[in-house]
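**Student:** Attaching a single structure in structure tokens format; questions to follow.
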Amino acid sequence: MNCRLKFDIGWTDLLWSAFGLPVGLRSVETAENTISKFWAERHTVTALSVRTLLDAILSESSSAGSSLIATGVNIQNVSDIIAAHEMELVSVDLEPETLSPPAGALLDAHTRTGACFCLVAQLFGATTAIPDAELLRERGVWIIEDAAQAFCGTTYKGDPAADVSLFSFGPIKRCTALGGAVGTFRSEDFARRVAKRLATYPQITNAEFRVRALKFLVLKWVSSPRPYGVLLSYLRVTRADLELSIGGAARSFGSQELMTAIRRSPPPRMIALLARRLAKAEAWESREDICKSFLLELPPTIAWPGARAERHEFGLLPLRSPDPDQAIAALRRAGFDATRGATSLRTLQPELTPQARKVMDEVVFVPNPATLSKRARLRLGKQINSLFQDGLFLSTNGES
């Protein structure tokens, strides 16, 4: 069985994380400098997660009682954080082909609400310039780009029109450091204020991080086809929930109270690992090329969200199906662990965002072709073609 979760980290970095020499203060300073140089044109702040950064930004902005415009799909925790700051969330719908709001939609939302903030998520590895960003900034709106799924080495370092871009390096992200995030700020003063706040949070210990690295050493081995097939068989026999068992194993935050969980500082060893990863990060065209070549072998009208985005890093490969559960079952029978729950993404206010809701209702995440052998890619392509002919994947002309 080809696993949905392929951790983008090698055995050497995992072994260093678990068993390497201690990380001292000087090593952390060197790591922070490496991270800053990667985004040399911006002011960087490292944190435990994108959630941590968003919370700190809103805290430093005295945002209580104001409104925040957000694109219609994000993780549920975003809504929780906004609510914790006593802010009103106003969701804006997306165009399925670009995964971006249509031109003018963010401006219309601001006209209706007078919102001080605009949070735009780049989804599934697709990136498109934030519509009407300069006009929003002229109106005094602070633009936050949630680029948690958009990191792709040196190819994309954030929308230059955003006041801050937030990048995640959690377990299922590209260039993972098993956690951690970086915020890149226009304003040096505001970046310092956020960093000062984060410095007051209790710090996770290096010992805890070593345990985390050991966990992912095991998960990386389990994600190989044969061990993963045995695991799936066991979960089926025990009637365990596949999505909760598999997806939950890679989550950064479990059942802890959210605000307590995110208001912590990353361990020095995580910062050092992130710097190690960024020092080797490049423009990963090979992954993009493999996925584009794979898509060219599929029916030209097959519908996949983000097909007309300005660029696509293919962190995930989503397709649209009129019956996702049946399509997933068919792919799993063929040895491909497709899923609807590869991420924590949700439609935040489905009553306001019908197109976003439709995408999330129909989406099927197939195993990323760039993580498969050439032989497995060919088998996956043939299986998707067959299911498309059977009406289990949607066409761009609206037919199934």
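**Student:** Take A250 and tell me if it is of a type in the set (G, A, S) and modelled with pLDDT of 90 or more.
**Tutor:** no
**Student:** Follow-up question, since we're still on this one. Quick one: in segment 80-107, of everything that is small (G, A, S) and buried (at least 17 other Cβ atoms within 10 Å of the Cβ), which residue is nearest to G125 (Cα to Cα)?
**Tutor:** To start, the set of residues in segment 80-107 that are small (G, A, S) comprises 83-84, 91, 100, 103-105.
From the residues that got through so far, the ones that are buried (at least 17 other Cβ atoms within 10 Å of the Cβ) too are 91, 100, 105.
Working: S91: 21, S100: 12, A105: 22 Å.
Per the stated criteria, the residue is S100.
**Student:** When you look at S63, is it surrounded by fewer than 20 Cβ atoms within 10 Å (Cβ to Cβ) and without any contact (Cβ under 8 Å) to a residue 60 or more places away in the chain, yes or no?
**Tutor:** Judged against the criteria, S63 is a match.
**Student:** OK, next. Exactly one condition in (1) in a loop (DSSP other than H, G, I, E, B); (2) free of Cβ contacts under 8 Å to residues at least 24 places away in the same chain is not met by A150; state its number.
**Tutor:** With respect to (1) in a loop (DSSP other than H, G, I, E, B); (2) free of Cβ contacts under 8 Å to residues at least 24 places away in the same chain, A150 is out only on (2).
**Student:** Something else: Just to be sure before I move on: is G114 on the phi > 0 side of the Ramachandran plot and more than 24 Å from the chain's Cα centre (by Cα) in the structure I sent?
**Tutor:** Here the answer is yes, as G114 does meet what is asked.
**Student:** So, L352, is that one more than 22 Å from C291 (Cα to Cα), over 19 Å from the mean Cα position of the chain (by Cα) and surrounded by 16 or more Cβ atoms within 10 Å (Cβ to Cβ) or not?
**Tutor:** It is true that L352 is more than 22 Å from C291 (Cα to Cα), over 19 Å from the mean Cα position of the chain (by Cα) and surrounded by 16 or more Cβ atoms within 10 Å (Cβ to Cβ).
**Student:** Which one of A133, A147, A56 is buried (at least 20 other Cβ atoms within 10 Å of the Cβ) and either in the same structural domain as T339 (by TED's automatic domain parsing) or in contact with a Lys or Arg (Cβ under 6 Å, 6 or more places away or on another chain) (or both)?
**Tutor:** Of the residues listed, the single one that is buried (at least 20 other Cβ atoms within 10 Å of the Cβ) and either in the same structural domain as T339 (by TED's automatic domain parsing) or in contact with a Lys or Arg (Cβ under 6 Å, 6 or more places away or on another chain) (or both) is A56.
**Student:** Report, by residue number, each residue of segment 114-130 that is buried (at least 24 other Cβ atoms within 10 Å of the Cβ) and in contact with a Lys or Arg (Cβ under 9 Å, 6 or more places away or on another chain).
**Tutor:** Selection gives G125, A126, T127.
**Student:** Further question: Checking R51 against (1) of a type in the set (D, E, K, R); (2) farther than 26 Å from T205 by Cα; (3) touching a helix residue (DSSP H, G or I) at 6+ places or on another chain (Cβ under 7 Å): exactly one of these is not met. Which one?
**Tutor:** (2)
**Student:** Quick check on my filter: what residues within segment 105-143 are at pLDDT 95 or above, among the small types (G, A, S) and closer than 28 Å to L317 by Cα?
**Tutor:** A105, A121, A129, A133, listed by residue number.
**Student:** For segment 342-372, which residues satisfy the criterion of being assigned to a helix (DSSP H, G or I) and among the hydroxyl-bearing types (S, T, Y)? Steps first, answer last, please.
**Tutor:** Keep residues of segment 342-372 that are assigned to a helix (DSSP H, G or I), which gives 354-362, 369-371.
T371 - this is the single residue of segment 342-372 that is assigned to a helix (DSSP H, G or I) and among the hydroxyl-bearing types (S, T, Y).
**Student:** Separate question: The conditions are (1) surrounded by 24 or more Cβ atoms within 10 Å (Cβ to Cβ); (2) over 24 Å from H110 (Cβ atoms), and K157 fails exactly one of them. Which is it?
**Tutor:** (1)
**Student:** Condition test on G20, is it of a type in the set (G, A, S), over 21 Å from T155 (Cα atoms), surrounded by 13 or more Cβ atoms within 10 Å (Cβ to Cβ) and modelled with pLDDT under 95?
**Tutor:** So G20 passes the test.
**Student:** OK, next. Among the residues of segment 37-58, which ones are of a type in the set (G, A, S) and at pLDDT below 95?
**Tutor:** A40
**Student:** Just for segment 368-388: of the residues that are of a type outside the set (A, V, I, L, M, F, W, C) and touching a residue at least 40 places away in the same chain (Cβ under 8 Å), which one is nearest to T339 (Cα to Cα)?
**Tutor:** N368
**Student:** Which members of segment 293-341 meet the condition of being over 22 Å from the mean Cα position of the chain (by Cα), part of a loop (DSSP other than H, G, I, E, B) and of a type in the set (S, T, Y)?
**Tutor:** T301
The values are calculated or read from the model by the stated rules, or taken from the named source; none is laboratory data. Quick caveat, the model's predicted, so the values are computed rather than measured. Heads up, the Cβs are rebuilt from the backbone with ideal geometry, glycines too, and the neighbour counts pull from every protein chain shown.
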